[in-house]
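Peer 1: Okay, here's the structure, questions in a sec.
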């Protein structure tokens with residue numbers, strides 16, 4: 001296994017999952033920080049409001065006292081008895097200090113009994129606090145009372161915020177990083193198994209498939225798609241191999257026969273006449289080989305899709321009639337009953353010549369496999385709401401197990417090896433149907449025996465008309481060919497007149 | 001019109017034209033050319049063989065030929081170009097195109113370039129001979145409305161056929177087939193020609209389609225005691241002929 005597929009620890013950090021986790025972690029960190037800042041700010045606002053209201057009420061209460069009491073209270077505060085008040089000062093209306101630990105009246109503090117933010121610089125010894133909340137209030141004797149308090153909220157908050165970060169953010173970050181690593185580890189494991197499986201498939205184990213868990217997650221769905229593709233590739237490879245084998249086999253048979261005949265003839269023929277006879281049959285064998293090659297070339301030509309440019313409107317009913325006219329005499333000679341049943345008159349887009357070839361091939365095929373006394377029905381109708389031409393025969397049918405294989409290119413049911421033909425008829429039909437984006441289906445026969453092939457197209461226009469004079473048109477103009485060829489023993493069940501046009505369900509044999 | 005000959009024999013062109021038909025064969029494969037020349041010579045034709053397009057163009061301007069057989073793939077000038085140049089010089093010699101490519105498109109291109117018929121390789125000599133003969137004796141006048149060959153009368157307007165006094169009841173497809181044959185009396189018509197020209201089929205059915213249709217027509221043409229008008233030529237096709 002190439003080294004690039006192995007899972008090194010560093011590999012984890014390169015996975016999409018881990019990168020996602022990293023981004024997620026960063027997100028959590030940012031959000032947490034923002035949250036902390038917001039909380040701190042809110043707390044500060046709240047604390048400031050409380051301090052303000054305390055300062056204001058304290059100032060109001062003090063101002064209501066007698067000047068003596070005020071002096072005492074200021075002195076008390078200095079002794080540490082005035083709780084929660086850091087500074088107090090009593091000044092004359094001119095701003096001269098009378099008492100307290102405030103050395104001078106803050107310049108920009110209005111004397112209104114309301115708390116204000118005051119720059120604390122110069123307020124010894126509390127220079128370290130840049131801002132304090134202060135209230136100035138006139139007391140009854142005209143002096144000015146100032147009380148203030150620092151708002152050292154930040155230092156108070158530092159501890160809980162750090163705690164919060166320790167207890168909340170760090171575990172959250174670790175958790176998301178860990179989860180990311182775990183997820184990427186798992187993804188890498190799956191990718192690794194997929195890689196290993198692909199390696200095995202590439203080295204020839206074509207039956208292997210990518211592992212799926214049935215969870216329908218993205219990787220699972222991807223694996224399922226790849227598996228379907230592998231199914232198709234395996235099928236195609238199988239087909240191609242079958243094609244090669246079959247072509248070789250089918251070509252070798254007539255060539256071997258021709259060779260044997262020519263070799264034996266050149267040695268054993270008594271006279272020119274004998275040699276001629278041998279040569280003639282050998283030519284027949286060669287013709288068969290050429291026929292196979294021509295059919296293959298034809299399939300190639302059809303599959304190249306060049307003919308699609310010449311598509312036009314084609315009536316299925318016209319095709320069926322033409323094929324019916326062509327094959328009806330053949331069916332009678334072969335003691336078969338060919339029935340034309342036109343149930344609707346759909347129009348499709350396609351190449352009329354090719355579609356005729358496809359339908360003719362199906363009929364040809366059906367007649368080849370149906371023993372004398374049997375019946376072949378050519379039906380124009382619908383298949384699941386789509387226009388269709390069906391060819392049904394009462395022959396031996398195709399075993400259910402072989403139906404899939406029959407539809408594959410170049411396959412010929414083993415039991416048919418003794419009948420003539422190169423076995424490529426259905427392949428040509430398949431190629432034509434594919435060129436049109438139609439479908440060729442092999443259906444369960446309506447009766448117990450027989451085969452049903454259907455070419456299912458797409459309606460070109462809204463043209464599904466009910467039975468358009470099907471019977472009169474399909475019946476040969478010279479009404480019934482009463483002067484039937486004498487064929488004793490044959491066609492016991494075949495109708496003596498023109499074939500019936502309405503499909504009946506009874507067996508043709 | 002009525003000819004006396006062995007079943008597969010050189011047609012007696014001498015009595016009609018006063019000379020053996022002169023065929024120019026343009027084919028670069030020497031062994032195929034030799035075989036074709038020998039075969040056609042044995043059927044009473046004079047065959048001149050050239051191996052490339054330039055020589056063919058030169059030859060066709062120097063001499064009168066009754067027919068050209070041109071291989072599609074030639075070194076230098078391609079077969080279709082040769083035909084186009086021949087046509088451009090207003091030489092109306094019938095041309096049979098030979099090709100190893102059997103694709104329908106290719107056939108169409110061959111005919112568009114000015115070819116009159118198309119035969120894909122490998123072919124049976126009898127098929128080649130039949131096509132050559134058909135081209136040399138193209139139906140004289142297709143505007144005729146009444147055809148008569150021996151005791152057989154065909155009215156193309158009324159769509160009726162009589163053999164002597166007896167009217168024949170033919171299906172349209174049988175009428176079409178008989179018309180094709182009556183326009184080529186005494187001429188070998190192969191199964192491929194019938195499939196292509198009468199039924200417009202470009203593929204070979206696996207069943208004996210042609211024989212069955214001919215058989216049916218035959219039974220309508222000849223009643224007991226009458227001489228058969230359609231003869232089978234083993235391994236080749238059919239000849240419509242009025243016996244003595």
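Peer 1: Considering the range B:183-201 alone, what residues qualify as being farther than 17 Å from residue B:233 by Cα, out of contact with any helix residue (DSSP H, G or I) (no Cβ under 7 Å at 6 or more places or on another chain) and surrounded by 18 or more Cβ atoms within 10 Å (Cβ to Cβ)?
Peer 2: Across the range B:183-201, the qualifying residue is only B:183.
Peer 1: Sticking with this one: Looking at this structure, is residue B:37 more than 27 Å from residue A:300 (Cβ to Cβ), more than 14 Å from every other protein chain (Cβ to nearest Cβ) and in contact with a helix residue (DSSP H, G or I) (Cβ under 8 Å, 6 or more places away or on another chain)?
Peer 2: no
Peer 1: Just the residues that are over 45 Å from the mean Cα position of the chain (by Cα), under 13 Å from residue A:162 (Cα atoms) and surrounded by 15 or more Cβ atoms within 10 Å (Cβ to Cβ), please, taken from the range A:35-44.
Peer 2: Selection gives A:40 alone.
Peer 1: Checking residue B:108 against (1) within 11 Å of another protein chain (Cβ to nearest Cβ); (2) part of a helix (DSSP H, G or I); (3) surrounded by 15 or more Cβ atoms within 10 Å (Cβ to Cβ), which test does it fail?
Peer 2: (3)
Peer 1: Still on this structure: Of all residues in the range A:169-215 being in a loop (DSSP other than H, G, I, E, B) and loosely packed, with under 13 Cβ neighbours inside 10 Å, which is modelled with the highest pLDDT? Step through it out loud before you land on a result.
Peer 2: Step one: list which residues in the range A:169-215 are in a loop (DSSP other than H, G, I, E, B), which gives A:203-215.
The next check asks that each one be loosely packed, with under 13 Cβ neighbours inside 10 Å; those that pass are A:203-205, A:207, A:213-215.
Numbers: A:203: 88, A:204: 83, A:205: 83, A:207: 85, A:213: 82, A:214: 79, A:215: 80.
So, considering only residues that are in a loop (DSSP other than H, G, I, E, B) and loosely packed, with under 13 Cβ neighbours inside 10 Å, the one modelled with the highest pLDDT is A:203.
Peer 1: Considering only residues that are within 44 Å of the chain's Cα centre (by Cα) and surrounded by 20 or more Cβ atoms within 10 Å (Cβ to Cβ), look in the range A:325-343 and name the one that is nearest to the other protein chains (Cβ to nearest Cβ). Talk me through it step by step, then tell me what you get.
Peer 2: The first filter runs over the range A:325-343 and keeps only residues within 44 Å of the chain's Cα centre (by Cα), leaving A:340-343.
Right, trim to surrounded by 20 or more Cβ atoms within 10 Å (Cβ to Cβ) and you get A:340-342.
On the way: A:340: 15, A:341: 20, A:342: 18 Å.
Once the filter is applied, the top-ranked residue is A:340.
Peer 1: For the range B:218-240, indicate whether the set of residues that are part of a loop (DSSP other than H, G, I, E, B), at the interface with chain A (Cβ under 8 Å from one of its Cβ atoms) and in contact with a helix residue (DSSP H, G or I) (Cβ under 9 Å, 6 or more places away or on another chain) is non-empty.
Peer 2: yes
Peer 1: Can you find a residue in the range A:397-411 that is within 13 Å of chain B (Cβ to nearest Cβ) and either more than 31 Å from the chain's Cα centre (by Cα) or at pLDDT below 75 (or both)?
Peer 2: Within the range A:397-411, the subset within 13 Å of chain B (Cβ to nearest Cβ) is none.
The answer is no, given that none of the residues of the range A:397-411 is within 13 Å of chain B (Cβ to nearest Cβ) and either more than 31 Å from the chain's Cα centre (by Cα) or at pLDDT below 75 (or both).
Peer 1: If residue A:262 satisfies every condition in (1) modelled with pLDDT of 85 or more; (2) more than 27 Å from residue B:120 (Cβ to Cβ) but one, which is the exception?
Peer 2: Answer for residue A:262: the failing condition is (2).
Peer 1: Still on this structure: Would you pick out the residues in the range B:140-158 that are in a strand (DSSP E or B) and either free of Cβ contacts under 8 Å to residues at least 60 places away in the same chain or within 14 Å of chain A (Cβ to nearest Cβ) (or both)?
Peer 2: Residues satisfying the conditions are B:146, B:147, B:148, B:153, B:154, B:155.
Peer 1: If you don't mind, there's one more thing I want to ask. Going by the structure shown, is residue A:379 modelled with pLDDT of 90 or more and either under 44 Å from the mean Cα position of the chain (by Cα) or under 16 Å from residue A:426 (Cα atoms) (or both)?
Peer 2: yes
Peer 1: Sort out which residues of the range B:168-182 are assigned to a strand (DSSP E or B) and either more than 14 Å from chain A (Cβ to nearest Cβ) or closer than 30 Å to residue B:97 by Cα (or both), and write them in order of number. Step through it out loud before you land on a result.
Peer 2: Taking the range B:168-182 as the starting set, the residues that turn out to be assigned to a strand (DSSP E or B) are B:168.
Correct list: empty.
Peer 1: Here is a further query. Evaluate the following for residue A:346: is it touching a helix residue (DSSP H, G or I) at 6+ places or on another chain (Cβ under 9 Å), in contact (Cβ under 8 Å) with a residue 40 or more places away in the chain and away from chain B (no Cβ under 12 Å)?
Peer 2: Criteria met by residue A:346.
Peer 1: For the range B:88-105, which positions are at pLDDT 85 or above and under 21 Å from the mean Cα position of the chain (by Cα)?
Peer 2: Listed by number, the residues that qualify are B:91, B:92, B:93, B:94, B:95, B:96, B:97, B:98.
Peer 1: With (1) away from chain B (no Cβ under 14 Å); (2) crowded, with 22+ Cβ neighbours inside 10 Å as the list, and residue A:266 as the residue in question, which single condition is left unmet?
Peer 2: For residue A:266, the exception is condition (2).
Peer 1: Would you confirm, using the coordinates I've provided, whether residue B:202 is out of contact with any strand residue (DSSP E or B) (no Cβ under 6 Å at 6 or more places or on another chain) and either assigned by TED's automatic domain parsing to the domain that holds residue B:124 or within 30 Å of residue A:362 (Cβ to Cβ) (or both)?
Peer 2: Details: out of contact with any strand residue (DSSP E or B) (no Cβ under 6 Å at 6 or more places or on another chain): yes; either assigned by TED's automatic domain parsing to the domain that holds residue B:124 or within 30 Å of residue A:362 (Cβ to Cβ) (or both): yes.
So residue B:202 passes the test.
Peer 1: Of A:322, A:301, which residue is in contact (Cβ under 8 Å) with a residue 24 or more places away in the chain, within 14 Å of another protein chain (Cβ to nearest Cβ) and surrounded by fewer than 23 Cβ atoms within 10 Å (Cβ to Cβ)?
Peer 2: A:322
Peer 1: Please go through the range A:269-283 and give me each residue that is closer than 16 Å to residue B:123 by Cα and either in contact with a strand residue (DSSP E or B) (Cβ under 6 Å, 6 or more places away or on another chain) or more than 8 Å from chain B (Cβ to nearest Cβ) (or both), ordered by number. Reasoning before the result, please.
Peer 2: First, the residues of the range A:269-283 that are closer than 16 Å to residue B:123 by Cα: A:279-283.
Residues satisfying the conditions are A:279, A:281, A:282.
Peer 1: How many residues, within the range A:109-144, are in a loop (DSSP other than H, G, I, E, B) and at pLDDT 75 or above?
Peer 2: 12
Peer 1: Tell me, yes or no, whether the range B:159-167 has at least one residue that is buried (at least 17 other Cβ atoms within 10 Å of the Cβ) and in a strand (DSSP E or B).
Peer 2: Yes, the range B:159-167 contains a residue that is buried (at least 17 other Cβ atoms within 10 Å of the Cβ) and in a strand (DSSP E or B).
Peer 1: A follow-up question, please. Inside the range A:11-34, can you point out the residues that are loosely packed, with under 14 Cβ neighbours inside 10 Å and under 15 Å from residue A:169 (Cβ atoms)?
Peer 2: Within the range A:11-34, A:26, A:27, A:30, A:31, A:33, A:34 meet the criteria.
The values are calculated or read from the model by the stated rules, or taken from the named source; none is laboratory data. What you see is a predicted model, and the numbers here were worked out from it, not measured in a lab. A quick note on method: Cβ atoms are made from the backbone with ideal geometry, for glycine too, and the neighbour counts reach across all protein chains shown.
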